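Here the structure comes first, spelled out in structure tokens, and everything after it is commentary.
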Amino acid sequence: MTIRNLSTAAATFVAVIAILSIAAGPVAGGAGQAALQQQDGAAPGNYSVLQDGDCTTISTFGDGSQSVEEFYDYRTPETEPSSYTYSSLGTMDLQRDDTSILFLYEGTEGTSLVLVHDRVYGGTNGSAVTMQFDSLPEEGEWAVEDDSYSDDLSGGPSDEFDHGETSSRITWVYSENSTDGAVFRGGLDDNDVDITIDPAFNDNADFRVYPGEITDWQALSSGGDGTERTSLDFRPIELRSGPCSSFDVSDVTAPSDVEADESFEIGATVENDGNVEDTFTVPIAIDGDVVDETDVTLDAGAETEVTTTVTLNETGTHAIEVGDEAVEVTVTEASNETTGETDTDQDGNDAQLPGFGVAAAIGSLLGAAIVARRRRV
């Protein structure tokens, strides 16, 4: 494994040996661990929106305490409570004029995809939207269809909902001061979600009635500082489970027992389980201190093996950590230790360093193999 700033690290290490006769511990560093915490693990509630090579990670709204129907709060004169808005009143805080939004909501029955077009009471002139949905989960359903009311009200809704087993084509037409939209629920908590949404707005919709214009299409994410909005082109997107950038460390290997001053290899498998190619910083730590790290670039779904060689001369049990995976190594006294009078040519400058031997630092500075192997996603 290669250490960054190789020449600087080597010069520092030589200076320590030449000048000091005291113990030198392993190099401490928080940067590698911080990088790991930012990148490692596909956090629950994260999805990716991919479009033309760009990827945006979005997080779900909701905490599972309310159904998505209650959250959406679709109202007509036939609902209870009733309203002549024919709109979603539960999403008003997220709505924007002349804007179509999509986001994920965590309700009492799992995760749902929510779509809302325009803003109720916004004073806009309405518009039309057509969306083609493909690769929908088979176990899912459209839990909310906005609009949905009887023919007794204005002859029935103008929207068209055409559903297949794993696909749907929906055209919404809505008037001023109102919204349209829908909610798809079911199968979105699986790890293999890959839905394609192909939009057509305004004059490009299958048909239209009202003259207003949708001018922005946004993917919303629930963030610590509030709602994060990403504007999308009026082009197809893919909605996938998991974040854009994520990696996983597994299969950490090291011998369970070694003798002091005996070199040994640490290995681990690193996998990109995100949705796009990315570069990850992989730290290797001993007893909590980062002693080596490297940058690894992997395609989505690819994996690689990282290795490094170290030497410990402090007896006892040591924790070996690669990313957030750990194993233990027990160091015992060397069996070939000699006793007797110390050679007069050996002085304190040549003493072994507790914890890591000279070979450990030199081995890390020289690097170790990174054997890449890819697997089909």
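The values are calculated or read from the model by the stated rules, or taken from the named source; none is laboratory data. Quantities reported herein were computed from a predicted structural model and do not represent experimental measurements. No Cβ is skipped: glycine too gets one built from the backbone with ideal geometry, and neighbour counts run over all protein chains shown.
Key figures
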{"read-out": "Conditions (1) on the phi > 0 side of the Ramachandran plot; (2) out of contact with any helix residue (DSSP H, G or I) (no Cβ under 8 Å at 6 or more places or on another chain); (3) at pLDDT 50 or above: number failed by Gly62", "value": "(2)"}
{"read-out": "Single residue of Leu136, Leu153 found to be over 15 Å from Arg208 (Cβ atoms), at pLDDT 95 or above, part of a loop (DSSP other than H, G, I, E, B) and not small (Gly, Ala, Ser)", "value": "Leu136"}
{"read-out": "Qualifying residue in segment 265-283 (condition: among the charged types (D, E, K, R), in contact (Cβ under 8 Å) with a residue 60 or more places away in the chain and in contact with a Lys or Arg (Cβ under 8 Å, 6 or more places away or on another chain))", "value": "no"}
{"read-out": "Those residues of segment 66-99 which are in contact with a strand residue (DSSP E or B) (Cβ under 8 Å, 6 or more places away or on another chain), farther than 19 Å from Arg119 by Cβ and β-branched (Val, Ile, Thr), in sequence order", "value": "Val68"}
{"read-out": "Only listed residue being buried (at least 19 other Cβ atoms within 10 Å of the Cβ) and modelled with pLDDT of 95 or more, chosen from Thr166, Thr124, Thr111", "value": "Thr111"}
{"read-out": "Flag for Val258 being β-branched (Val, Ile, Thr), farther than 30 Å from Gly110 by Cα and not in a loop (DSSP other than H, G, I, E, B)", "value": "yes"}
{"read-out": "Filter pass, Trp217 being more than 28 Å from the chain's Cα centre (by Cα) and under 17 Å from Gln132 (Cα atoms)", "value": "no"}
{"read-out": "Options Trp142, Trp217; residue that is assigned to a strand (DSSP E or B), outside the structural domain of Val296 (by TED's automatic domain parsing) and without any contact (Cβ under 8 Å) to a residue 60 or more places away in the chain", "value": "Trp142"}
{"read-out": "Selection status of Phe234, surrounded by fewer than 17 Cβ atoms within 10 Å (Cβ to Cβ) and within 28 Å of Val68 (Cα to Cα)", "value": "yes"}
{"read-out": "Counted residues, segment 145-189 - those being in contact (Cβ under 8 Å) with a residue 60 or more places away in the chain and touching a Leu at 6+ places or on another chain (Cβ under 6 Å)", "value": "3"}
{"read-out": "Any chance Glu341 is in a loop (DSSP other than H, G, I, E, B), modelled with pLDDT of 90 or more and not hydrophobic (A, V, I, L, M, F, W, C)", "value": "no"}
{"read-out": "Extreme residue, nearest to Gln218 (Cα to Cα), among residues of segment 88-121 that are hydroxyl-bearing (Ser, Thr, Tyr) and in a loop (DSSP other than H, G, I, E, B)", "value": "Thr91"}
{"read-out": "Odd one out for Ile101, checked against (1) in contact with a Pro (Cβ under 8 Å, 6 or more places away or on another chain); (2) buried (at least 16 other Cβ atoms within 10 Å of the Cβ)", "value": "(1)"}
{"read-out": "Of residues in segment 132-155 being under 16 Å from Tyr74 (Cα atoms) and among the small types (Gly, Ala, Ser), the one surrounded by the fewest Cβ atoms within 10 Å (Cβ to Cβ)", "value": "Ser150"}
{"read-out": "Residues of segment 43-56 satisfying the condition of being more than 14 Å from Glu277 (Cα to Cα) and assigned to a strand (DSSP E or B)", "value": "Asn46, Tyr47, Val49, Gln51"}
{"read-out": "Members of segment 273-312 found to be among the charged types (D, E, K, R) and more than 30 Å from Val193 (Cα to Cα), listed by number", "value": "Asp287, Asp289, Asp292, Glu293"}
{"read-out": "Cross-chain or 6+ apart pairs with Cβ under 8 Å, segment 304-318 first and surrounded by fewer than 17 Cβ atoms within 10 Å (Cβ to Cβ), then in a loop (DSSP other than H, G, I, E, B) and among the acidic types (Asp, Glu)", "value": "Thr315/Glu333"}
{"read-out": "Selection status of Asp159, surrounded by 14 or more Cβ atoms within 10 Å (Cβ to Cβ), under 19 Å from Leu239 (Cβ atoms) and not hydroxyl-bearing (Ser, Thr, Tyr)", "value": "no"}
{"read-out": "Segment 100-120 residues that are outside the structural domain of Phe161 (by TED's automatic domain parsing), paired with ones that are crowded, with 24+ Cβ neighbours inside 10 Å and of a type in the set (A, V, I, L, M) (beta carbon under 8 Å, 6 or more apart)", "value": "none"}
{"read-out": "Residue, surrounded by the most Cβ atoms within 10 Å (Cβ to Cβ), within segment 43-65, restricted to residues that are over 16 Å from Leu113 (Cβ atoms) and of a type in the set (A, V, I, L, M, F, W, C)", "value": "Cys55"}
{"read-out": "Options Ala182, Ala200, Ala205; residue that is outside the structural domain of Gly301 (by TED's automatic domain parsing), surrounded by 15 or more Cβ atoms within 10 Å (Cβ to Cβ) and in contact with a Phe, Trp or Tyr (Cβ under 7 Å, 6 or more places away or on another chain)", "value": "Ala182"}
